[in-house]
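Quick notes on the structure that follows.
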Amino acid sequence: YFMDDKIQLTLGARQQRVKVRNFNATTGAQTSVYDKERLTPAVGLVVKPFANTSLYANYIEGLSQGPTAPASASNAGTIFAPIKSKQYEIGVKQDFGQFAATVSAFQIEQPNGYVDTATNTYGLNGEQRNRGVELNVFGEPWHGIRLLGGAAFTQGVLTKTAGGTYDGNKAVGVPTTQLNLGGEWDTPFLAGLTLTGRVIYTSSQYYNASNAQSIPAWTRVDIGARYKTKVSGVPVTIRAGVENVFNKDYWASASSSFGLARGASRIFLLSTTMEF
């Protein structure tokens, strides 16, 4: 901390280790193993030029398990070595009192994997670079009404692919637009009852590196309620909700390794929490 906490610098490091063993699904014999670890840095800087304004920047590296060749590939099931990612972010947060807003720009770089159409073999080839802008708003602009919303606009691009074949193409499974808006209302007609709702929108995503196939955009609506009361002096919260209210049939996401993920159909949720 510097200058009466107007400047905050965070330095850190993570020792990450990924160990994976691969086995033959038929014989159960171990086919390969890798064990890799890495010390990854993390740097964060926050500058507060005004009491309610924060400017921030951060850089972080990560190590994660490598992708798995999809079932359609000739080397299906092959698990690749851990991959390293790099993330840069800058942004500003403004506190307006009853609500706050953040705006940030980011870039994420990581190795890219896809199926080579000529050999039908999956492998790591080139890089994937995601650049975008994210906006978030949260708070209680009116008494008893709370909002949480965000928007992300991302440009996922393939770079450094073999022979430059797919350079400039859109990355698999990266929607250009994601929007979400959730809200809560503490009802005045019944103390302890809060109604909730959420709308999620995700734009179309490409399914393969050649950008020849894609899945359509989708929108989902969720609603719910919670009721806080006391039973024999014990605080009790009852929650009920419905996800995918209109039972929309959609593909939620695409991936070069696991293929397509189907969105869940209408789900009814009910739970009770007691505090002792």
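The values are calculated or read from the model by the stated rules, or taken from the named source; none is laboratory data. All of these numbers come straight from a predicted model, not from anything done at the bench. Cβ coordinates were reconstructed from backbone atoms using ideal geometry, including for glycine residues, and neighbour counts include every protein chain displayed. Side chains are part of the model used for accessible areas, which takes the heavy atoms of the whole protein and leaves out ligands, DNA and RNA. Shrake-Rupley method; radii C 1.70, N 1.55, O 1.52, S 1.80 Å.
Below, the figures for the structure above:
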{"read-out": "Enumeration of residues in the range 142-171 that are part of a strand (DSSP E or B), hydrophobic (A, V, I, L, M, F, W, C) and within 24 Å of Val103 (Cβ to Cβ)", "value": "Trp142, Ile145, Leu147, Leu148, Ala151, Ala152, Phe153, Val157"}
{"read-out": "Residue list for the range 201-258, restricted to those being in contact with a Gly (Cβ under 8 Å, 6 or more places away or on another chain), small (Gly, Ala, Ser) and either open to solvent by 70 Å² or more (accessible area, probe 1.4 Å) or farther than 30 Å from Met274 by Cα (or both)", "value": "Ala252, Ser253, Ala254, Ser255, Ser256, Ser257"}
{"read-out": "Conditions (1) open to solvent by less than 60 Å² (accessible area, probe 1.4 Å); (2) within 19 Å of Leu11 (Cβ to Cβ): number failed by Lys48", "value": "(1)"}
{"read-out": "Close pairs (8 angstrom Cβ cut-off, 6 or more residues apart or separate chains): over 25 Å from Gly183 (Cα atoms) and without any contact (Cβ under 8 Å) to a residue 60 or more places away in the chain in the range 220-238, outside any strand (DSSP E or B) and not polar (S, T, N, Q) anywhere", "value": "Val234/Glu275; Val234/Phe276"}
{"read-out": "Every residue from the range 118-155 that is of a type in the set (Phe, Trp, Tyr), touching a strand residue (DSSP E or B) at 6+ places or on another chain (Cβ under 8 Å) and farther than 13 Å from Phe106 by Cβ", "value": "Tyr122, Phe138"}
{"read-out": "Residue match in the range 95-111 (condition: part of a loop (DSSP other than H, G, I, E, B), touching a strand residue (DSSP E or B) at 6+ places or on another chain (Cβ under 6 Å) and of a type outside the set (Val, Ile, Thr))", "value": "yes"}
{"read-out": "So Lys248, is it of a type in the set (Lys, Arg) and over 22 Å from the mean Cα position of the chain (by Cα)", "value": "no"}
{"read-out": "Out of Pro41, Pro70, sole residue that is under 24 Å from the mean Cα position of the chain (by Cα) and either outside any strand (DSSP E or B) or of a type in the set (S, T, N, Q) (or both)", "value": "Pro70"}
{"read-out": "Residue check for Lys19: part of a strand (DSSP E or B) and crowded, with 16+ Cβ neighbours inside 10 Å", "value": "no"}
{"read-out": "Answer from Lys93, Lys6 - the residue that is buried (at least 16 other Cβ atoms within 10 Å of the Cβ), of a type in the set (Lys, Arg) and within 30 Å of Arg146 (Cβ to Cβ)", "value": "Lys93"}
